Amino acid sequence: MPELPEVETLRRQLERDVVGATIRRVTVRWRKTIGRGGTIPTPFPQAVRGARIEAIGRRGKNLLVHLDGGRSIVAQMRMTGQLLRTPRSARPDRHTHLIFHLEGARDGCDLHLRDIRKFARFFLTRTARLDELPALAGLGPEPLEIDRKTFAAVLAGRATRVKPLLLNQRRIAGLGNIYVDEALFAARLHPLTPAGRIAPQAIGALHQAIQRILRASIRTGGTTMRNFRNIAGEKGRYRERLKVYQRTGQPCARCNSPIERIVVSGRGTHFCPKCQTSPQAPA
Ligand SMILES: [Zn+2]
């Protein structure tokens, strides 16, 4: 599932390639791609026909396409969604569920949503009412904007383990399994540490690690484990820099111990048993 760096990669490319373009029309090839819960009652294809793309934003893992007339499309790629810059002449394949036919985009291309598992969703809403959309309501702060003090307040007094807390989009938005595992490794924190018991110094290290890792991943176009592609159809290159995520049994880059995998709140969790101190047996 694309996390913050992958969605931010899409955002930057869309900003470069489709801002200023007009949506000539939309072809919906799989109806459920258009999610319920938008605040504009007109059917999506009619409502966005002729709209000009004014800006591209992001909130957590959600992509925001701001249109003229005070409307915005909220796009969630979820498991396997790929938003691809596609030549007009290209024939959509059977996994293409939504097509934005554009006028004035870079190289005269269209945008295709390709989504093997069909979980991606697009919503249309009033820009002024974005926060009311269930997908965005109650999202926590952005990890690249949050300062250390506010971050400390997110963790303070919570008995929840640090890993599920960081995955909870209501506490902090945009982090998923990959970057939480990587940030906890960088900060030398065991994923099962109760959030409220992390020492101030370690909170500072975790805050720094999250921001450094997200920025480094954005610089390399995100992480592709399997499905993520940028709008040019290319894979992200951060995978080769991963230290623990899906590296079970491989040596820790710091201490050579084999990386271990446990399941935390149903999610595969990767860590170094030696340099990420266990909360049960503090060093
Ligand atoms: Zn280690």
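Here are the numbers for this structure:
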| read-out | value |
| --- | --- |
| Charge tally in the Cβ shell below 12 Å around residue 21, where Lys, Arg are +1 and Asp, Glu are -1, residue 21 excluded | -2 |
| When the stretch 46-113 is reduced to its Cα atoms, the Kirkwood hydrodynamic radius in Å | 13.1 Å |
| Antiparallel content of DSSP bridges confined to the chain, in %, to 5 | 95 percent |
| Accessible heavy-atom area order of 61, 243, 274, 163, highest first, probe of 1.4 Å | 274, 243, 61, 163 |
| In degrees, nearest ten, helix 200-219 long axis to first principal axis of the chain (Cα) | 40 degrees |
| Theoretical ellipticity at 222 nm over the chain - DSSP helices of four or more residues, -39500 (n - 2.57) apiece, nearest 500 | -6500 deg cm²/dmol |
| Taking only Cα atoms of the stretch 152-196, radius of gyration then Dmax in Å | 9.6, 25 |
| Whole-Hz ³J(HN,Hα) from phi, Karplus 6.51 cos²θ - 1.76 cosθ + 1.60, for the stretch 154-164, glycine and proline x | 5, 8, 4, x, 9, 7, 4, 5, 5, 5, x |
| Solvent-accessible heavy-atom area per residue, rounded to whole Å², over the stretch 40-95 at 1.4 Å | 47 Å² |
| Within a Gaussian network of the chain (alpha carbon springs, distance under 10 Å), most fluctuating of 27, 96, 269 | 27 |
| Cα-based helix-to-principal-axis angle, 4-17 vs the chain, degrees rounded to 10 | 30 degrees |
| Charge context of residue 109, other residues only, Cβ under 9 angstrom, K/R +1, D/E -1 | 0 |
| Summed side-chain charge close to residue 186 - residues other than residue 186 whose Cβ falls under 12 Å, Lys, Arg +1, Asp, Glu -1 | +3 |
| Folded to 0 to 90 degrees: helix 177-186 orientation relative to the chain principal axis, Cα | 40 degrees |
| Net lengthening on full extension, residue 263/residue 197 (0.36 nm per residue, minus Cα-Cα) | 21.7 nm |
| Average silhouette area of the chain, convex hull of alpha-carbon atoms, in square nanometres | 14.9 nm² |
| Equivalent-ellipsoid semi-axes of the stretch 158-283, from the Cα gyration tensor, Å, largest first | 24, 17, 13 |
| Euclidean distance between Cα centres, the stretch 1-50 to the stretch 92-169, Å | 12 Å |
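The values are calculated or read from the model by the stated rules, or taken from the named source; none is laboratory data. Note that the structure is a prediction, hence the values are computed from the model and not measured. Glycine gets a Cβ as well: all are built from the backbone with ideal geometry, and neighbour counts include every protein chain shown. All accessible areas refer to the heavy atoms of the entire protein, side chains included, with ligands and DNA or RNA removed. Shrake-Rupley method; radii C 1.70, N 1.55, O 1.52, S 1.80 Å.
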